[in-house]
Amino acid sequence: DTVAQAKLRAAYAAVDNHVKDGQVVGIGSGSTVVFAVQRLAQRVRDENLRVICIPTSFQARQLILENKLVLGDLNANPVLDVAIDGADEVSAQLDCIKGGGGCLLQEKIVASNADQLIIIADYSKIADYLGSVWKKGVPLEVIADCYVPIMRKLEKMGGKPVLRMAKAKAGPCVTDNGNFIVDCDFGVMQEPAKLEQQLLSIPGLVETGFFLQMAVKAYFGMQDGSVKTLDA
Ligand code: DER
């Protein structure tokens with residue numbers, strides 16, 4: 001299978017196994033989730049499902065509307081039954097690095113209010129430890145007005161921070177929440193929980209792309225066309 005086919009298989013398996021009538025469903029961000037939303041829309045039509053979809057980004061909101069799904073929000077629907085989202089890397093302990101698409105803050109808020117977080121990914125995201133496959137650094141959402149002092153602190157912690165620059169716009173990438181993203185390489189991380197606590201203690205560092213012990217299950221589309229799962 002190609003990577004896209006692998007993403008599709010993981011997305012379809014997760015939607016088919018975890019979405020039921022009457023649920024409030026968190027919709028993640030990135031390219032794998034596009035397949036999940038397509039499958040969800042197909043099931044809503046075929047099975048006449050009533051689901052309310054909560055977005056994790058501007059992109060997710062567009063996907064929900066384009067697929068004619070019912071759009072909700074966290075203040076009207078504060079308890080979600082399930083959230084389905086991609087990941088940049090998934091360790092054998094089902095810890096994740098997310099934020100490659102720059103949407104980690106709302107993704108983490110939605111995931112933390114869902115009874116179950118289900119991760120969908122292709123085989124290229126499977127890792128033994130965080131940092132062993134994903135080499136672009138841990139995405140960190142930071143307040144724009146203090147990204148320089150924050151980057152200095154990250155260097156003192158042994159990280160290699162890089163301000164994420166936009167591709168189709170001059171200057172830094174600006175998140176849906178008006179913040180910057182700093183990608184910080186800490187190498188292979190055997191104890192990400194300790195590192196995350198240190199990071200979250202830095203004022204102005206809004207959120208990290210660590211999703212540690214948050215997912216209950218991950219679905220991986222494999223090269224041979226199979227779907228591998230990893231349970232918490
Ligand atoms: O930015 C994110 O957290 C996305 O979920 C990302 O990690 C997964 O993106 P992909 O599905 O395009 O690989």
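Compute the Cα gyration tensor for region 149-188, then decide on rounded, prolate or oblate, letting a ≥ b ≥ c be the square roots of its eigenvalues: rounded whenever a/c is under 1.5, prolate when a/b is larger than b/c in the other cases, and oblate in all that remain. Present the calculation step by step, with values, prior to reporting the outcome.
Working: a/c = 2.54, a/b = 2.03, b/c = 1.25.
It is prolate, given that a/c is not under 1.5 and a/b is the larger ratio.
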- Note on the structure: Dividing the surface of the Cα convex hull of region 1-115 by four yields a projected area in nm² of 7.0 nm²
- May I ask which residue of 100, 84, 149 lies farthest towards the positive end of the charge dipole of region 1-160, with charges of +1 (Lys, Arg) and -1 (Asp, Glu) on Cβ and the Cα centre as origin? 149
- Given a Förster distance of 30 Å, the FRET efficiency implied by the Cβ-Cβ spacing of residue 113 and residue 143, rounded to the nearest 0.05, works out to 0.85
- Task: Have a look at the DSSP beta bridges in the chain and tell me what percent are antiparallel, nearest 5.
- Result: 55 percent
- Task: Go ahead and estimate [θ] at 222 nm for the chain from helices alone: -39,500 (n - 2.57) per DSSP H run with n ≥ 4, summed, over the residue count, rounded to 500.
- Result: -9000 deg cm²/dmol
- Just rank 211, 58, fewest to most, by other beta-carbon atoms within 10 angstrom. 58, 211
- Item | Debye intensity ratio in log₁₀ form over the Cα atoms of region 108-170, taken at each q of 0.17, 0.21 Å⁻¹ | -0.93, -1.10
- So the angle from the long Cα axis of helix 3-18 to the longest Cα principal axis of the chain, reported in degrees to the nearest 10, equals 60 degrees
- By the Kirkwood definition, with r running over pairs of different Cα atoms, the chain has a hydrodynamic radius in Å of 17.8 Å
- Please provide three numbers in whole Å: the alpha-carbon extents of region 145-232 along the principal axes, with the largest listed first. 45, 35, 23
- Item | Value of Rg to Rh for region 73-153 (Rh from inverse mean 1/r over Cα pairs, i.e. Kirkwood) | 1.03
- In whole Å, what three semi-axes, largest first, describe the equivalent ellipsoid of region 52-101 built from its Cα gyration tensor (square root of 5 times each eigenvalue)? 24, 14, 9
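No lab work stands behind these numbers, since they all come straight from the coordinates. The structure displayed is predicted, hence computed values, not measured ones. Counting neighbours? That spans all protein chains shown, and the Cβs are built from the backbone with ideal geometry, glycine included.
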